[in-house]
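The values are calculated or read from the model by the stated rules, or taken from the named source; none is laboratory data. As the structure is a computational prediction, the values presented were derived from the model and not from experiment. Backbone-built Cβ (ideal geometry, glycine too); neighbour counts: all protein chains shown.
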Amino acid sequence: METLLNDFSPGLFAVVTILLLALIALMVKFAWKPILNSLEERESGIENALAAAENARKEMQNLQADNEKLIKEARAERDAMMKEAREIRDKMIADAKEDAKEVTASLIEKAQASIEHEKQSALAEIKKNVAELSIGIAESVIKKELSSKKDQLELVEGLLKDVTLN
Amino acid sequence: MYNLIGAGLIVIGAGIGLGQIGGKAMEGIARQPEATGKIQTAMIIIAALLEGLAFGALFLGK
Amino acid sequence: MKIAQKSIKFILIVAVALFTSVNFAAISEKNQDDQNDGGRVNTKEEVEAYILHHIKDSHDFSLFSYTSDEGERKHVGFPLPIILWTSEGLVTFMSSEFHHNDDGHEIVEKGGFKFAKIHSKIYELDKGASEVTFDETHHATNAHKVLDFSITKSVVGVLLIGLLLLFWFSRLARQYKTQKIPTGFARVLEPLVIYVRDEIARPNIGEKHYRRFTGYLLTVFFFIWLLNLAGLTPLGFNVTGQLAVTACLAIFTLVIYSVSGTKGYWMHMIWMPGVPVLIRPVLAIIELAGALLIKPFSLLVRLFANISAGHIVVMSLIAIMFTLKQSLGIVGATGLSLVLSFFITLIEVLVAFLQAYIFTMLSALFIGMAVEDHAEHH
């Protein structure tokens, strides 16, 4: 302890105190303040940039979600439209079929009716022809003055041969 | 002469203390390797306090 | 142009390094004291005296000394101014007037006073005395110490390191004005600054207050670290191994944490709440002694002792070169000394950083204890 105290130099202590005070003051003014301020500025800048990036990312995510939603909606709409169209088409086809059926049915009916009518008129014609024929035959038979029964029959038969029933 | 004996005693004490600090710190690090930094800092501070004590005693005796 | 400058710088650095390392060898093998064998250090006692002389502050900046062929002691270095505050005012002269004498035989007369230098301390002789007389314990009987404000080697070291710090860090500060990230050497300094701020100041003092003290902590950290490292160079500074310097640093810390201590901190110290009233004065004494004496004392002694011990060990290991010459031979002793001193120097480089770190760390811790808010505990 004694040698230590002997080594202690009050003069050096005073000089170093003054120098250190000056050094601290100068360093704080010319070095630490600007350095620490710049560092803090830089760090806050980096933090801000990070936060901005994070925000941008979130926004991007939102946008993407929006996009997806839009796409989904569009798809749903498209599906709905397709479905509707299909329904309409089906309905149209069904309607058309129905119509066609009705039309054909009526056509057939008409055709049948006309056929029937034709048939009736044909039959009537035939009847008329037959009647005329028979009258003709009968006339010729009568005109020829049929001598024999056999000739009469031959004549009827020959006449009948000429007549084709339609 | 007595100075030297005193110095020896101080060094023995400080050595035991430092050993305890170092050993326990190692155990701590082994148990929780993720806390290595914190343990080391605390270890150095305590070792420094012990060292200050030991040096103080040594120089009081000198 | 730039390349030329750089190469000149490089050559200068190499030259200084070579020069100083040669000088160191010269110092370690030869002594400044005038002795019969030309001042060589051979015996154990001489080595001890030499080492003890060299961890002290010195009034002149000696690089090396040698004995010429004529047997004359030559000293290479430069003198430093001596500034003394005597009983009758300021006296200044150059240290060369002592002619490197360190045992009080060279008397310098200035301004009506007689001065002698004994073991790196300057003594003023009593009136009428013409020579220093010693008692049997080698204490001067007719002289007393004067207040010595000399520019000693330590002061030169402080000045040099201070200027270096100012130069480096103001350049770093200026770089931020033009660019975001520093370039060159400043790029090394920036992470160190961030390290001290984020690892020492911020966690120990706390987010709220650390800004105020970071400047002091940074200054102290780099000051101590660089001075410790300067002590390892062959220039032989031992600034942080001077009690006056470490005491100065410790008292700075003491003043800072005492002045910035909150009311709660002082109340806890003087009148500890929550303990019986009778114990409070006892606690107050212990706490006050701890805060005002033991903390700064441990700070100053730790730094001083570590650095002094480091210097003593390095020099002792170098001294193996000639103390063990007889038993190991020249080659063996030199090799052993070289290997041992090399490794201990490596350890000293670590210690240089560690002590700066610990001093700053403990300062931050003490400041943090003083400024933290005590209110939340009650």
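List of remarks:
- Residue list for region C:339-378, restricted to those being over 21 Å from C:L229 (Cβ atoms) and either without any contact (Cβ under 8 Å) to a residue 24 or more places away in the chain or exposed (fewer than 13 other Cβ atoms within 10 Å of the Cβ) (or both): C:V339, C:D373, C:A375, C:E376, C:H377, C:H378
- Restricting A:D99, A:D7 to those that are within 14 Å of chain C (Cβ to nearest Cβ) and at pLDDT below 90 reduces the list to A:D7.
- Pairs where the first residue, in region C:268-294, is within 24 Å of C:D373 (Cβ to Cβ) and the second is surrounded by 12 or more Cβ atoms within 10 Å (Cβ to Cβ) and of a type in the set (K, R), C-beta under 8 Å, 6+ apart: C:W271/C:R280; C:M272/C:R280
Residue-by-condition table, conditions (1) closer than 30 Å to C:L218 by Cβ; (2) among the hydrophobic types (A, V, I, L, M, F, W, C); (3) outside any helix (DSSP H, G or I):
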position: C:I294; (1), (2), (3): yes, yes, no
position: C:S341; (1), (2), (3): no, no, no
position: C:L346; (1), (2), (3): yes, yes, no
position: C:L350; (1), (2), (3): yes, yes, no
position: C:T360; (1), (2), (3): yes, no, no
position: C:L365; (1), (2), (3): yes, yes, no
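- Listed by first and then second residue, the pairs with beta-carbon distance under 6 Å, at least 6 apart or on different chains, first residue in region B:48-62 and more than 7 Å from chain C (Cβ to nearest Cβ), second buried (at least 18 other Cβ atoms within 10 Å of the Cβ) and at pLDDT below 80, form an empty list.
- Residues located in region C:231-255, provided they are outside any loop (DSSP other than H, G, I, E, B), touching a residue at least 40 places away in the same chain (Cβ under 8 Å) and either polar (S, T, N, Q) or surrounded by fewer than 20 Cβ atoms within 10 Å (Cβ to Cβ) (or both): C:L232, C:T246, C:I251, C:T253
- Scope region C:199-230; condition of a type outside the set (A, V, I, L, M, F, W, C) and at the interface with chain A (Cβ under 10 Å from one of its Cβ atoms); matching residues: C:R211, C:T214, C:G215, C:Y216, C:T219
- When the criteria are applied in full, C:H99 meets the requirement of being surrounded by fewer than 19 Cβ atoms within 10 Å (Cβ to Cβ) and either over 20 Å from the mean Cα position of the chain (by Cα) or modelled with pLDDT under 80 (or both).
- Hits in region C:150-188 (condition: touching a strand residue (DSSP E or B) at 6+ places or on another chain (Cβ under 6 Å) and in a loop (DSSP other than H, G, I, E, B)): C:S150, C:I151
- Selection of region C:41-89 for residues being touching a residue at least 40 places away in the same chain (Cβ under 8 Å), within 20 Å of C:H99 (Cα to Cα), touching a strand residue (DSSP E or B) at 6+ places or on another chain (Cβ under 8 Å) and aromatic (F, W, Y) yields C:F61, C:F64, C:Y66.
- Reported count of residues in region C:166-193, each being of a type in the set (F, W, Y), within 11 Å of another protein chain (Cβ to nearest Cβ) and touching a residue at least 12 places away in the same chain (Cβ under 8 Å), is 2.
- Answer from B:G52, B:G23, B:G28, B:G37 - the residue that is out of contact with any strand residue (DSSP E or B) (no Cβ under 9 Å at 6 or more places or on another chain) and within 25 Å of B:I5 (Cβ to Cβ): B:G52
Here's the yes/no breakdown for (1) in contact with a His (Cβ under 7 Å, 6 or more places away or on another chain); (2) on the phi < 0 side of the Ramachandran plot; (3) not acidic (D, E):
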| site | (1), (2), (3) |
| --- | --- |
| C:S96 | no, yes, yes |
| C:H99 | no, no, yes |
| C:D103 | no, yes, no |
| C:I118 | no, yes, yes |
| C:Y123 | yes, yes, yes |
| C:F149 | no, yes, yes |
| C:V156 | no, yes, yes |
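- Residue list for region C:35-61, restricted to those being at pLDDT 80 or above and either touching a Pro at 6+ places or on another chain (Cβ under 7 Å) or of a type in the set (G, A, S) (or both): C:A49, C:S58, C:D60
- Condition met for C:F322 (in contact (Cβ under 8 Å) with a residue 60 or more places away in the chain and touching a Leu at 6+ places or on another chain (Cβ under 9 Å)): no
- Some residue of region C:73-94 being among the basic types (K, R) and under 22 Å from A:L12 (Cα atoms): no
- Test: residue in region C:79-92 that is hydrophobic (A, V, I, L, M, F, W, C) and away from chain A (no Cβ under 14 Å): no
- Pairs meeting the criteria (first residue in region B:6-23 and surrounded by 15 or more Cβ atoms within 10 Å (Cβ to Cβ), second residue modelled with pLDDT under 95 and not in a helix (DSSP H, G or I), beta carbons under 9 Å, at least 6 apart or on different chains) are B:A7/B:K62.
- Restricting attention to region C:125-149, the residues that are outside any loop (DSSP other than H, G, I, E, B) and within 13 Å of another protein chain (Cβ to nearest Cβ) add up to 5.
- Residue among A:A14, A:A51, A:A31 that is touching a Ser or Thr at 6+ places or on another chain (Cβ under 8 Å) and either under 30 Å from C:T246 (Cβ atoms) or more than 9 Å from chain C (Cβ to nearest Cβ) (or both): A:A31
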